[in-house]
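> Next up is a structure, given as structure tokens.
What follows is calculated from the coordinates using simple rules that are stated; it is not laboratory data. As the structure is a prediction and not an experimental result, all values here were calculated from the model. Note: ideal-geometry Cβ built from the backbone for every residue, glycine included; neighbour counts use all protein chains shown.
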Amino acid sequence: MEKRAFRLPGFAVLAALVVLLGVAVLAAVIDGGGSIDTENAPGPLTILAGLILLAEVIVATGFVILNPNEAVVVQFVGTYLGTVREPGLRWVLPLTSTRRVTLRVRNFETPIMKVNDLDGNPVEIAAVVVWRVVDTAKATFAVEEYEQYVRIQTETAVRHLAASYPYDSPEDVVSMRDAVQVAEELTAEIRERAVLAGVEVIESRITHLAYAPEIAQAMLQRQQAGAVVAARSRIVEGAVGMVQMALAKLREEDVVDLDEERKAAMVSNLLVVLCGDRGPQPVVNAGTLYS
């Protein structure tokens, strides 16, 4: 799990190094510059100045600069010491190795993949995922490459989702065209897979959904046929209601007294007019014209 690393404000440590550098220079000057010949060894102050300079070089290896929404993972001889998240100039323990991890929100779109839906029809599907790193320790040490891990797990989740739902279905059955519910389930599945890498999945959405080219034309014809059948059913339902209303109105107003045979003829004519593709065309008996 991620933990906070030991760190100090960088400018405070830098100021201390400047002061120590001045002390080292002053000690060397007081000791006569540490001149060395065959008879005299360096003075103690010159040795002290050299040690101070060596210590400053070692301490200077602990400076790191962090940008906003960036973290640094600190390691020492393979041991995880912690993570620094505060932006600016920071100082961590010297002689440690650091690895930068961005905390910015990122997104990527999967390539268009061809999979079989629940009914076995080949479909093309792609999705976009918005994510960010929330645990730098898991992102660094739990998986090999967390970016590649998120991409592969996302593609796996999209394939699994496509195989769990039909492309299209009646109104009472959930299909891949139900964008909101499918997006919520896809986000939950990717989030469950990505938590191992210390990644938070903010949202995901289907960006491309279509039948594969080899069956697209046949499926389009099936959809058109279904739409025609649905429209015809609605037309017939309305026509029957209108015929019932007309018969009831005639009986109520006592306009004409129809026997069963004339009722049947009237119903037939009304249904033909109301359910036909074209408007009614008058038909004149040729014998009437020459009579």
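> Could the peptides 144-156, 194-206 be put in order, highest first, of the mean number of other beta-carbon atoms found within 10 Å of their residues?
Packing proxy ranking, top to bottom: 194-206, 144-156.
> From the backbone phi of the range 73-80, what are the Karplus-calculated ³J(HN,Hα) couplings (6.51 cos²θ - 1.76 cosθ + 1.60, θ = phi - 60°) in whole Hz, Gly and Pro given as x?
Along the range 73-80, the couplings run 8, 9, 10, 9, 6, x, 9, 6 Hz.
> Next question. Sort largest first and round to whole Å: the equivalent ellipsoid semi-axes of the range 106-211, each the square root of five times a Cα gyration tensor eigenvalue.
Each semi-axis is √(5λ); the values are 27, 13, 10 Å.
> Taking N as the number of residues in the range 8-102, what is its alpha-carbon radius of gyration divided by 2.2 N^0.38 Å?
That ratio works out to 1.43.
> Another question, if that's okay. For a quick protection proxy, order the peptides 79-88, 184-193 by their average other-Cβ count within 10 Å, most packed first.
The peptides rank, most packed first, as 184-193, 79-88.
> Could I ask something else about it? Short version: ³J(HN,Hα) in whole Hz for each residue of the range 17-23, in order, from phi by Karplus 6.51 cos²θ - 1.76 cosθ + 1.60 (θ = phi - 60°), x for Gly and Pro, what are they?
After applying 6.51 cos²θ - 1.76 cosθ + 1.60, I find 5, 5, 4, 5, 4, x, 5 Hz.
> Also, quick follow-up: In a shell of Cβ-Cβ distance under 12 Å around Leu8, excluding Leu8 itself, what net charge do Lys and Arg (+1) and Asp and Glu (-1) give?
Neighbour charge sum, excluding Leu8 itself: +1.
> Place the peptides 24-31, 107-114 in order of packing, highest mean first, counting for every residue the other Cβ atoms within 10 Å and averaging per peptide.
24-31, 107-114
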